[in-house]
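For reference, the structure discussed in these notes is given below.
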Amino acid sequence: MPGGVNSPVRAFRGVGGTPLFIRSAAGPTITDVAGRTYIDYVGSWGPMILGHADAEILAALAAVAASGTSFGAPNELEVELAEEIVAAVPSIEMVRMVNSGTEATMSAIRLARGVTGRDKLVKFAGCYHGHADSLLVKAGSGVATLGLPDSPGVPASLAQHTLTVPFNDPAALAEVFAEHPDIAAVIIEPVVGNMGCVPPQAGFLEFVRELTAKHGALLIFDEVMTGFRVARGGAQERYRISPDITCLGKIIGGGLPVGAYGGSRDLMRNIAPTGPIYQAGTLSGNPLAMTAGLVTLRRLKDRSVYETLEQRSALLCEGLARAAEAAGIKTITNRVGSMWTSFFTDVPVTNWETANLSNRELYGKFFHAMLAEGVYLAPSQFEAGFVSITHTVAIIDKTIEAARRAFNALA
Ligand code: KE4
């Protein structure tokens, strides 16, 4: 396997060293093949909001697997998951299941181009939306960590249709719209996770919403990471913005491969077979993935979950910030709900340019110092960390103690 991994960020290129091979996970911990157990803040990059190996999910999977794993035909479970998503996400009236976040955003862009008849797409530097060709243009996440501003293999004839502007920069976005009348859509991570956690500045999302509506361009909220994470209804509930298309993934699969995209009935009816815009998938809506997603979303109906996640995440981030300060290490913490990043910098991080000023090397040293203390953070400065409901106060206190020792070792 290239790099010994099935996804680049796992190869530790952002922090150095050899990746751990994980054999099992339970609640807030993962255990590697050498039998070492770590407190895990990656959570499979977002899906594991209920913690690893949740007993209810495992039991439901065992039961449903006994009836077959994939029918390639409509089944009740996909209808039930669709109903949960429609009930929870304010702007979604109709939804299509796919198998990854990449498929969700790729399909959302085709839908936007298909219904507007326009070709141009606007994205934000440092945002990552999966690896579809149109999106690997100054993407964040793995590409940013690997220092590849755009990927070989993406035809220039396609990349030219993707315009990239700085996040949290209304003037730059207005300029792009003034220059280009053929913008089909703007795709945005409403709370960025893929340059590290970067919240929208006050009024920014409202500005993007108004500007796209004014120019007849569709607004695509990529909530693959923020959906059911920063609120039950995602960032669009938290910031009260109504996008035209919402992309989901991660949490809605409960750890199994699921993505989805949705919007108004009028818009989604353009998708085959009711409309001409084609998109398909062998394993879309399979009963196993639907079951893990259903158990997860039903458990998240308990709103106290988000209050607990808020409290635990605030406790963690305050502790980390204090530990850094006590050791004389400069960090800036950005957090929204239970996703956060400690940037090794003293410059407020509001976009890719400022995120990129962070000290990657120091982050890498911190990452390994925490690993030695039994805590598994994201193996890249440009990723978000995640707290689950299984991260108890005791687990968080233990993490903060580990950080105190790690920061002192750094100092
Ligand atoms: P997937 O195709 O990896 O399921 O989803 C792509 C995607 C789309 N949109 C957002 C906002 C995302 O965060 C992602 C995937 N996130 C990365 C973590 N930064 C997944 C980890 C990885 O690439 O291995």
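Bear in mind that the values in this text are calculations on the coordinates, not laboratory data. These figures come from a predicted structure and were not determined experimentally. Note: ideal-geometry Cβ built from the backbone for every residue, glycine included; neighbour counts use all protein chains shown.
With contacts taken as Cα pairs under 8 Å and at least 6 residues apart, the chain reaches a relative contact order of 24 percent.
Sorted ascending by nearby beta carbons within 10 Å, beginning with the fewest, C317, C197, C247 become C317, C197, C247.
Rounded to the nearest Hz, the phi-derived 3J(HN,Hα) couplings of segment 108-121 under the Karplus curve 6.51 cos²θ - 1.76 cosθ + 1.60 (θ = phi - 60°) are 4, 5, 4, 4, 5, 5, x, 7, 8, x, 10, 10, 6, 10, where x marks glycine and proline. Exceedance of the 24 Å cut-off in Cα-Cα distance is limited, within the set K123/K250; K123/K365; K123/K330, to K123/K365; K123/K330.
For segment 43-131, the list of chymotrypsin sites (Phe, Trp or Tyr not before Pro) that fall in a loop by DSSP and count at most 13 other C-beta atoms within 10 angstrom reads F71. Available extension along the chain between N270 and R299 is 7.2 nm, counting 0.36 nm per residue and deducting the alpha carbon span. Here's the picture: charge each Lys and Arg Cβ at +1 and each Asp and Glu Cβ at -1 in the chain, and of M339, I277, P155 the one pushed furthest to the positive end of that dipole is M339. For K120, the lysines whose Cα comes closer than 17 Å to its Cα, not counting residues fewer than 8 places off in the same chain, are K138, K214. Magnitude of the charge dipole for the chain, about its Cα centre and with charges confined to Cβ atoms of Lys, Arg (+1) and Asp, Glu (-1), is about 460 debye. For segment 239-344, the set of trypsin sites (Lys or Arg not before Pro) satisfying both a DSSP loop assignment and a count of at most 16 other C-beta atoms within 10 Å is given as R240, R269, K301, R303, K330. Ranked by how many other Cβ atoms sit within 10 Å of their own Cβ, fewest first, the residues D119, D222 fall in the order D119, D222. Look at E84, E206, E103 and count the other Cβ atoms within 10 Å of each Cβ; fewest to most, that gives E206, E84, E103.
A straight line joining the Cα centroids of segment 296-357 and segment 273-289 runs 36 Å. Dipole of the chain computed with +1 at Lys/Arg Cβ and -1 at Asp/Glu Cβ about the Cα centre; of I57, Y38, G196, farthest Cα towards the positive end is Y38. Averaging Cα coordinates gives a centre for segment 159-181 and one for segment 1-69; these two points are 38 Å apart.
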